[in-house]
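*Asks:* Sharing a structure, written as structure tokens. Questions coming.
The values are calculated or read from the model by the stated rules, or taken from the named source; none is laboratory data. This structure is a prediction, so every number in the text was calculated from the model and none was measured. Cβ sites come from the backbone with ideal geometry, for glycine too, and all protein chains shown count toward neighbours.
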Amino acid sequence: MARVCEMTGRRTRTGNSVSRRGIAKKKGGIGLRCTGRSLRKFKPNIHTVRILTPWGSLVRMKLSAKAIKTGKITLQHKGRKVTFPMVRALRGTNREFTEAQKQDA
């Protein structure tokens, strides 16, 4: 399973870890020198979240922390994109909530 956010598309990225030596100029030295670079990974903060949809179904999604903070979910439903507020599902089936949503629709 890939570490990719299903909404924003955030994924693992690569970069460099830079090793330096010396004393900074503002501290009275001759400046920092780069002594080496090694590859590293920047991993997104991905969580598996259970979401209740407006049409009463339960969907499991992998979302980044930034997508969760927005509080809105965008899904494909019957060929079109639907945006709705995020409601996290409780453990097990939350029958009261799904029945209330079906009555509103």
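*Asks:* Give the number of residues within the range 79-99 that are among the hydroxyl-bearing types (Ser, Thr, Tyr) and modelled with pLDDT of 90 or more.
*Replies:* 1
*Asks:* Quick one: would you say residue 8 is in the same structural domain as residue 88 (by TED's automatic domain parsing), polar (S, T, N, Q) and either surrounded by 12 or more Cβ atoms within 10 Å (Cβ to Cβ) or at positive phi (or both)?
*Replies:* For residue 8, the condition - in the same structural domain as residue 88 (by TED's automatic domain parsing), polar (S, T, N, Q) and either surrounded by 12 or more Cβ atoms within 10 Å (Cβ to Cβ) or at positive phi (or both) - is not met.
*Asks:* Check the range 38-52 and report whether any residue there is over 22 Å from the mean Cα position of the chain (by Cα), surrounded by 10 or more Cβ atoms within 10 Å (Cβ to Cβ) and either among the charged types (D, E, K, R) or at pLDDT 90 or above (or both).
*Replies:* no
*Asks:* To continue, here is another question. Return yes when residue 6 is of a type outside the set (A, V, I, L, M, F, W, C) and either at pLDDT 95 or above or touching a strand residue (DSSP E or B) at 6+ places or on another chain (Cβ under 9 Å) (or both) and no when it is not.
*Replies:* The answer is yes for residue 6.
*Asks:* Would you check which residues across the range 62-78 are modelled with pLDDT under 90 and loosely packed, with under 11 Cβ neighbours inside 10 Å and list them?
*Replies:* Across the range 62-78, the qualifying residues are 76, 78.
*Asks:* State yes or no: is residue 19 more than 26 Å from residue 100 (Cα to Cα), surrounded by 10 or more Cβ atoms within 10 Å (Cβ to Cβ) and assigned by TED's automatic domain parsing to the domain that holds residue 100?
*Replies:* In short, no.
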